[in-house]
Amino acid sequence: MAYIGHGLSHAIFGGAVVSYVMSINFLIGASVWGFLSALLINLTTRQRRIGADAAIGIVTTASFAMGVALISRFKTFTRSFDAALFGNVLGISDGDLAAVTVVALTAAVAVFLGYKYLLFTAFEPEIARFYGVPSGWVDAGLALVLAAVIVVSLQVLGVTMIAAALVIPPVVARLLTNDFNMMLVGSIIVGAVCGLGGLYASFYVDVSSGPAVVLFSAALFVLALGYTSIRRRLATGRGRFGRRRSTAVPDDTDT
Amino acid sequence: MLHPIPHQYEHEEPIVEIKDVTCGYDGSPVLRDVSLVVKRGDFVGLLGPSGSGKTTLLRSIMGAVSLYEGDVLVDGRSVRTNRPRVGYVPQLETIDWNFPVTVEQVVMMGRTSESVLFPWFSGRDRGMARQIMERLSIADLAGRHIRELSGGQQQRAFLARALVSSPRLLLLDEPTMGVDIKTRDEVMHLLDELNHQDVTIVMTTHEINSVAAHLPWVVCINHGIVAEGAPNDVFTPQILRRTYDAEIHVTRYRGMTLVAESPHVFGRNGRKTDMTPERE
């Protein structure tokens, strides 16, 4: 799931270039391209012989390569895609802000309405189907939302940084909780903190905003990892001296 | 095929009817010409080597494999057109134990399709989850992450998910695989208890002596049904040879059938002892 965010951001870059070359609205062209890429990944992985990681690698790198090839073919367009590649959070227009707001609200509503279906599909996609969950539709819906989120974030963070911004907040939240609901809420909070902290850091350290946000997120990840490692070590240490309280509830099944 | 002994249950009406089914995946048949009837209250074990089609047979009952020929009826309705109301417990080996999910959330997943109008689990869903967790003695573990449980508790959590919508048919894929003797015993007793509460059970297993031999009815599978019946009738060298494509010896001990799954001594320091039990 983390890798698909990373892959799709690269795939959508191809779509952005194609829509520019074909004079199609960027938001629509890149969204459709990203959605089709996600569906292609799903279809490829259903072949059983190809793993999801391999399918994502093939589809998204081919799509990204197509964007780069088109840029090299039409050299006059090259400058226009700097923001799409590296982001420019301080240069976004009111229109971009409106698009981000609309997509953020839509994504929130989609997650709210599809919560239990998303939970089961993310945990066991195949078994969820046996329980009557339309996993294929849930996957398609998630791909659509993900593609929209990436498209509107493209101008802000850029392709190269967007994957980290998509992946790091939930990973940090995952380190801090074992509960899916808490992780949902936690990753939103961590994402907001990363965005704000990264922008302040970019101002004070005088570096580009995109890398600053990602580096701030990475620093937060290292802190969370360190915290959980120390907590685990302390717990193990206490256990070694016989003072640790067992995390497993004693029962009559196992010792 | 062995002629099965009459079923010993009060109910005689079938809950599952598999009629001349050839099924598989991606156009390749795994099972051919399979016919099987499971009656209400049955406790059936599906036995066979790896890749023989045990899981495929189980999934055909859920309508989760492609039926190339024949039909599967559950409660008299074809699985081609109706999703059957069954509880399914997958092999625990397939579970992603790092996924952030608590025991209660796992159990409530079994209610996902029960109330399609509500995007989140309702109070009724929570109540039913609580009820089944109490019944399976895991209510005090509701807030725990699934990885923190023992093998027996994990099996109970996934059993609770399968049972939370009160299905009358429970399908289990190797519920005792990879667990210790005590946990295996506990799981089998729990299934026995459910069966006595009128839940029909069909399970796959690799364990002949410790699990299958204790079931009232077993079905030997090797890309088709080799034989079905009570273990004492089915566990013969001939049937087991046809099932496993291997020489397997059978002996009787105090009325029980014991199968010598591997009557050899391995290792260069092993004594050349003849462990072959007396043939039938």
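The sole residue among B:ASP198, B:ASP233, B:ASP192 that is open to solvent by 20 Å² or more (accessible area, probe 1.4 Å), assigned to a helix (DSSP H, G or I), more than 19 Å from B:LEU36 (Cβ to Cβ) and at pLDDT 85 or above is B:ASP192.
Only one of the numbered conditions (1) under 30 Å from A:ASN42 (Cα atoms); (2) open to solvent by 40 Å² or more (accessible area, probe 1.4 Å); (3) at pLDDT 85 or above is not met by A:THR160, and that is (3).
With among the hydroxyl-bearing types (Ser, Thr, Tyr) and in contact with an Asp or Glu (Cβ under 9 Å, 6 or more places away or on another chain) as the only criterion, which of A:SER187, A:SER135 stands out? Full working, then the answer.
Working: A:SER187 fails: in contact with an Asp or Glu (Cβ under 9 Å, 6 or more places away or on another chain).
None of the others qualify; the one that does is A:SER135.
Out of A:THR228, A:THR160, one residue alone is under 18 Å from A:LEU8 (Cβ atoms) and not basic (Lys, Arg). It is A:THR160. Among the residues of this structure, B:ALA260 counts as one that is at pLDDT below 80 and either among the β-branched types (Val, Ile, Thr) or surrounded by 14 or more Cβ atoms within 10 Å (Cβ to Cβ) (or both). For the stretch B:57-91, the set of residues classified as more than 24 Å from B:PRO29 (Cα to Cα) and in contact with a helix residue (DSSP H, G or I) (Cβ under 6 Å, 6 or more places away or on another chain) consists of B:GLY87 only. Among the residues of the stretch B:236-265, those that are more than 11 Å from B:LEU47 (Cβ to Cβ) and in a strand (DSSP E or B) comprise B:HIS249, B:VAL250, B:THR251, B:ARG252, B:TYR253, B:MET256, B:THR257, B:LEU258, B:ALA260.
Could we say that B:GLN131 is of a type outside the set (Gly, Ala, Ser), more than 8 Å from chain A (Cβ to nearest Cβ), open to solvent by 20 Å² or more (accessible area, probe 1.4 Å) and in contact (Cβ under 8 Å) with a residue 60 or more places away in the chain here? Taking the combined requirement at face value, the residue does not satisfy it.
Of all residues in the stretch B:97-128, count the ones that are more than 7 Å from chain A (Cβ to nearest Cβ) and under 23 Å from the mean Cα position of the chain (by Cα). Working first, answer last.
Start the filter on the stretch B:97-128 by keeping residues that are more than 7 Å from chain A (Cβ to nearest Cβ), which leaves B:97-98, B:103-104, B:106-108, B:111, B:114-118, B:122-128.
Then drop every residue that is not under 23 Å from the mean Cα position of the chain (by Cα), which leaves B:97, B:103, B:106-108, B:111.
Residues that pass the stated criteria total 6.
Taking interchain pairs and intrachain pairs at least six residues apart, which have beta carbon atoms under 9 angstrom, with the first residue in the stretch B:185-204 and in the same structural domain as B:LYS39 (by TED's automatic domain parsing) and without any contact (Cβ under 8 Å) to a residue 40 or more places away in the chain and the second open to solvent by 30 Å² or more (accessible area, probe 1.4 Å) and hydrophobic (A, V, I, L, M, F, W, C)? Correct list of pairs: B:GLU186/B:VAL179; B:VAL187/B:VAL179.
Yes/no matrix, rows are residues, columns are (1) within 14 Å of another protein chain (Cβ to nearest Cβ); (2) closer than 22 Å to A:ALA11 by Cα; (3) modelled with pLDDT under 85; (4) out of contact with any strand residue (DSSP E or B) (no Cβ under 8 Å at 6 or more places or on another chain):
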residue: A:ARG49; (1), (2), (3), (4): yes, no, yes, yes
residue: A:ALA52; (1), (2), (3), (4): yes, yes, yes, yes
residue: A:LEU90; (1), (2), (3), (4): no, no, yes, yes
residue: A:VAL100; (1), (2), (3), (4): no, yes, no, yes
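Here is the figure for the stretch B:80-94: residues that are out of contact with any Leu (no Cβ under 9 Å at 6 or more places or on another chain) and either of a type in the set (Gly, Ala, Ser) or within 7 Å of another protein chain (Cβ to nearest Cβ) (or both) total 1.
The values are calculated or read from the model by the stated rules, or taken from the named source; none is laboratory data. Small disclaimer: the values here were computed from a predicted structure and weren't measured. Don't worry about glycine lacking a Cβ; one is built from the backbone with ideal geometry, like all the others, and counts go over all protein chains shown. To get the accessible areas, we keep the full protein, side chains included, count just its heavy atoms, and leave off ligands, DNA and RNA. Shrake-Rupley method; radii C 1.70, N 1.55, O 1.52, S 1.80 Å.
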